[in-house]
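A quick write-up on the structure given underneath.
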Amino acid sequence: MNTKYRKTIVAGNWKMNLLPSDVKNYSAALMKLYGKNHFCEAVVCVPALMAIPMLRALRGSKIAVGVQDVSAEDSGAYTGEISAAMLADAGVKYVIVGHSERRRMHGETNAMIAKKLRQVLAAGMTPILCVGETLEERDGELAEDVVRLQLRSALYGLTGLDMRHVVIAYEPVWAIGTGRTATPAEAQQMCEGIRAAVRKLFGARVARAVTIQYGGSMNPANAAQLLSQPDVDGGLIGGASLDPEKFYQILEAAKE
Ligand code: PGA
């Protein structure tokens, strides 16, 4: 982390877990733990159905609400889709874009992800752009190329001003939900590489200010070490965010 230049953001990603009836207890527990001391920006990314109840439940707290996907289109005949305008109108602040589970299981391409990212920005929300390599790509020494391509195709054509509202999450696919975490050195190396790629596209000032999270089996036991790396500015947390106590412990690890 480097809080002088950029915001530390710790975001939970519930994925397809918990129920609307869990929102009340979860939010109450998290607000009790994280009500007074704010070490960093805390975000809970819930299934879209739970966004409005979560916003209501967290009202008065500084904990932000995000969701996990958005339509690439503005509005119209797109059955089952949810637009960025709908989310923003409801009060949602963050949208995860390009999560590897969506890339892999829902066929999301870099081009679709670029469109979604622009939808989120146009609606005044903050996209959390996920990038990361598979194990085969890492073993084949392609990790940096893959991540650079994901970044370039998502960010190309944006302005430096747009970039003030973009968060990047480095999530090695082999570390997601596997219990196998990248070492702090591995996380640092790639996050540093991501910052260098942003520098090349947008210049040093923008690169210095962009928040880069690490995601992939982050938990209360490994969070402090990962977050102590100079280019790791937060976390995107799946499994461990389902328990408000554990999620809070990770937020606490972001305390300098
Ligand atoms: P995990 O998921 O913490 O359960 O590994 C991280 C993510 O996919 O964002």
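Near residue 237, the amide H atoms lying under 5 Å from its own belong to 11, 12, 13; only residues 5 or more places off or on other chains count, and H is placed 1.01 Å from N. For segment 8-109, the square roots a ≥ b ≥ c of the C-alpha gyration tensor eigenvalues yield an a/c of 1.5 or more together with a/b exceeding b/c, which makes the shape prolate.
Residues 218, 1, ordered by accessible area of protein heavy atoms at a 1.4 angstrom probe radius and largest first, appear as 1, 218. Peptides 236-242, 85-91, ordered by how many other C-beta atoms sit within 10 Å of their residues on average, highest first, read 236-242, 85-91.
By accessible area, using a 1.4 Å probe on protein heavy atoms only, segment 1-100 has 54% of its surface on carbon and sulfur. Using C-alpha pairs under 8 Å with a sequence gap of at least 6, the mean separation divided by the residue count of segment 1-142 gives a relative contact order of 19 percent. Rounded to the nearest whole Hz, the Karplus-based 3J(HN,Hα) values (6.51 cos²θ - 1.76 cosθ + 1.60, θ = phi - 60°) of segment 242-254 follow the sequence 6, 10, x, 5, 5, 4, 4, 4, 6, 4, 5, 5, 7, with x at glycine and proline. For segment 49-147, rounded, prolate or oblate, judged on the Cα gyration tensor with a ≥ b ≥ c (square roots of eigenvalues), a/c < 1.5 rounded, else prolate if a/b > b/c? Prolate. Computed on the chain, the Cα convex hull volume stands at 116 Å³ per residue. For segment 133-256, what does the alpha-carbon gyration tensor say about shape, rounded, prolate or oblate, given a ≥ b ≥ c as the root eigenvalues, a/c under 1.5 as rounded, and a/b over b/c as prolate? Oblate. Stretching the chain fully between residue 205 and residue 110 yields a gain of 31.6 nm (0.36 nm per residue, less the alpha carbon separation).
Average accessible surface for segment 1-132: 48 Å² per residue, computed with a 1.4 Å probe over protein heavy atoms with every protein chain in place. Among the GluC sites (Glu not before Pro) in segment 100-184, those located in a DSSP loop and surrounded by at most 10 other Cβ atoms within 10 Å of their own Cβ are 141. From the alpha carbon centroid of segment 17-71 to that of segment 204-234 is 21 Å. The modelled label-to-label distance between residue 243 and residue 39, using points 7 Å beyond Cα along the C-beta direction, is 1.7 nm.
Take the Cα of residue 78, step 7 Å toward its Cβ, do the same at residue 2, and the gap between the two points is 3.6 nm. Values of log10 I(q)/I(0) for segment 114-184 across q = 0.12, 0.22 Å⁻¹ run -0.38, -0.95, by the Debye formula with one identical scatterer at each alpha carbon and no solvent.
The values are calculated or read from the model by the stated rules, or taken from the named source; none is laboratory data. If you're wondering where the values come from, they're calculated on a predicted model, not measured in any experiment. Quick reminder, even Gly has a Cβ in these numbers, built from the backbone with ideal geometry, and neighbours come from all protein chains shown. Side chains are part of the model used for accessible areas, which takes the heavy atoms of the whole protein and leaves out ligands, DNA and RNA. Shrake-Rupley method; radii C 1.70, N 1.55, O 1.52, S 1.80 Å.
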